[in-house]
Amino acid sequence: MVISFALADGELISREGANRYQTGDTLITVRPVIAGACRARFDAKYQSLPPLPHGSDGRYQARPLPVLARQISEPFTVARSAGGDLLRGLARDWLLQYAPGDCELIENARFQQVYCAVPVSP
């Protein structure tokens with residue numbers, strides 16, 4: 001994963017919909033996908049790979065953090081409060097929640113590669 005930091009406000013279009021970002025937010029490239037994240041969210045989720053100083057453009061890895069995740073069986077939309085983005089998921093995509101209003105969508109195949117699902121009792 002390669003990280004750069006936005007030099008100006010902008011918008012990225014992904015399969016899930018528009019993702020707005022502001023100057024200083026992170027732009028995350030996981031070939032061939034590029035996504036954005038606000039800086040506070042990025043700092044909590046990722047650490048730089050040595051010898052890169054944190055906050056510099058370069059390679060990062062995700063910190064192991066628990067998130068709430070639910071696989072959705074049909075197409076759906078969700079409003080993300082950060083930036084007011086409206087994201088669109090396909091059947092079998094996963095909805096991840098990091099904190100209230102801080103969520104994202106991820107394709108099932110990518111979820112299976114990246115996350116370790118641990119079932120919880122209702």
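Each value in this text was obtained by applying a stated rule to the coordinates, not by laboratory testing. Here the structure is a predicted model, which is why all the values come from computation and not from measurement.
Think of it as helices only: each DSSP H run of n ≥ 4 in the chain is worth -39500 (n - 2.57), and spread over all residues that comes to -3000 deg cm²/dmol at 222 nm.
Annotation: amide H-H contacts under 5 Å for Arg92 (H modelled 1.01 Å from N, sequence separation of 5 or more, or interchain): Ile72, Ser73, Glu74. In this structure the amide hydrogen of Gly24, modeled in the peptide plane, comes within under 5 Å of the amide hydrogens of Ala6, Leu7, Ala8, none closer than 5 places in sequence on its chain. Projected over all directions and averaged, the alpha-carbon convex hull of the chain occupies 7.7 nm².
So what is Rg over Rh here for the stretch 63-122, counting just Cα atoms and using Kirkwood for Rh?
Ratio value, two decimals: 0.95.
Phi angles across the stretch 59-71 convert, under the Karplus curve 6.51 cos²θ - 1.76 cosθ + 1.60 with θ = phi - 60°, into 3J(HN,Hα) values of 8, 9, 10, 6, 7, x, 10, x, 9, 7, 9, 9, 7 Hz, Gly and Pro given as x.
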